[in-house]
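Take a look at the structure below.
The values are calculated or read from the model by the stated rules, or taken from the named source; none is laboratory data. In this text, all values refer to a predicted model and were calculated from it rather than measured experimentally. Glycine also receives a Cβ, built like all others from the backbone with ideal geometry; neighbour counts cover every protein chain displayed. Ligands, DNA and RNA are excluded from the accessible area calculation, which covers all protein heavy atoms including side chains. Shrake-Rupley method; radii C 1.70, N 1.55, O 1.52, S 1.80 Å.
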Amino acid sequence: MVIENTISAAIVGSFGNKLLDNLNVDVAIVGGGPSALVAARYLAEKGVKTAIFERKLAPGGGTWGGGMLFNEVVVQDDALDILDDFSITHRPIDGAKGYHCLDSVEMASGLIFGALKAGSKIFNSVSVEDIVFKENKVGGLVINWTPVERLGMHVDPLTVLSKCVLDGTGHPCEIVNMAVNKAHIKLDTPSGGILGEKPMWVDSGEASTVENTREYFPGLFACGMSANNIMGGYRMGPIFGGMLMSGKKAAKLIAEKLGK
Ligand code: 48H
């Protein structure tokens, strides 16, 4: 085979095998933000077959831009063990005991690398446009290429089946929104619906992000800002400990549910 063909055949074959192997997973994660990447790593480490589907070309979600494009973020003491697991560098902030600053590009790339190296797969430039919902159960995702979505092309999607779905879509909680609006499910929230994200209150938002990380309907979990939107938590700006701890909690809850 000539080299041009070897390259193309290798890419098509390899990608085809990867996608085929992940059309049926234990956990399908929507969104590749910080909470989802942490969840993916700890799930994969427990032997749970996990794949992330991320709309953008680059996974990492809101990590890259730090605060207002200043590419640094803050993490509190409680989440340092997670940064250490991923070998991400951090340094204490002078005069702010318990808080640490780190390079947001190192954090984004470190989380992506850690999730992949643990065995989770990431499908980037893939948008989740719907859920599989059979016999009152969330059974997986309906996926399409982001360029198809962005160009508004009339192209039918493919499906990924899973035992659990984790909504890691950040502020819009897109998957839980779909489940409520299209499948008309009642969530495990005080109203049965989405309560809506509140304005900024850093320490409350950080704590509630972790508290609100849970299963909202059998087989449908939420982490990160998605969980906070669902349960009406406050936002917190560019501090990321809550996101990291939320991902770790999501992995623990899902692994327990799957008996791993
Ligand atoms: C495929 C999708 C879809 C879809 C969305 O927003 P994220 O970074 O997620 P979190 O919750 O882990 O982190 C939140 C954090 O970045 C943040 O915004 C904070 C701390 N804000 C505080 C504040 O006060 O503003 O990432 C979500 C990812 C993104 O990469 C999206 O592209 C992706 O999900 N996504 N991917 N199909 N339907 N919807």
Practice task
Exactly one condition in (1) within 15 Å of the ligand (Cβ to nearest atom); (2) open to solvent by 90 Å² or more (accessible area, probe 1.4 Å) is not met by I3; state its number.
Solution key: (1)
Handout entry: Any hit, the stretch 232-249, residues being more than 9 Å from the ligand (Cβ to nearest atom), within 27 Å of G66 (Cβ to Cβ), over 17 Å from the mean Cα position of the chain (by Cα) and crowded, with 19+ Cβ neighbours inside 10 Å
Key = yes
Handout entry: Selected residue (only one of V160, V176 is under 21 Å from the mean Cα position of the chain (by Cα), assigned to a strand (DSSP E or B), crowded, with 17+ Cβ neighbours inside 10 Å and within 13 Å of the ligand (Cβ to nearest atom))
Key = V160
Exercise for the section: Go through the stretch 207-224 residue by residue and tally those that are buried (at least 21 other Cβ atoms within 10 Å of the Cβ), assigned to a helix (DSSP H, G or I) and either of a type in the set (V, I, T) or on the phi < 0 side of the Ramachandran plot (or both). Expected result: 3
Practice task
May I ask you to say which residue of G196, G170 is at positive phi, part of a loop (DSSP other than H, G, I, E, B), more than 9 Å from the ligand (Cβ to nearest atom) and modelled with pLDDT of 95 or more?
Solution key: G196
Practice task
Answer with yes or no whether F86 is aromatic (F, W, Y), open to solvent by less than 20 Å² (accessible area, probe 1.4 Å) and either at pLDDT 95 or above or more than 25 Å from T146 (Cβ to Cβ) (or both).
Solution key: yes
Practice task
Can you confirm whether the stretch 98-109 contains a residue that is of a type outside the set (D, E, K, R) and more than 16 Å from the ligand (Cβ to nearest atom)?
Solution key: yes
Handout entry: Top-ranked residue of the stretch 49-74 - restricted to ones that are more than 11 Å from the ligand (Cβ to nearest atom) and buried (at least 24 other Cβ atoms within 10 Å of the Cβ), ranked as farthest from D130 (Cα to Cα)
Key = T50
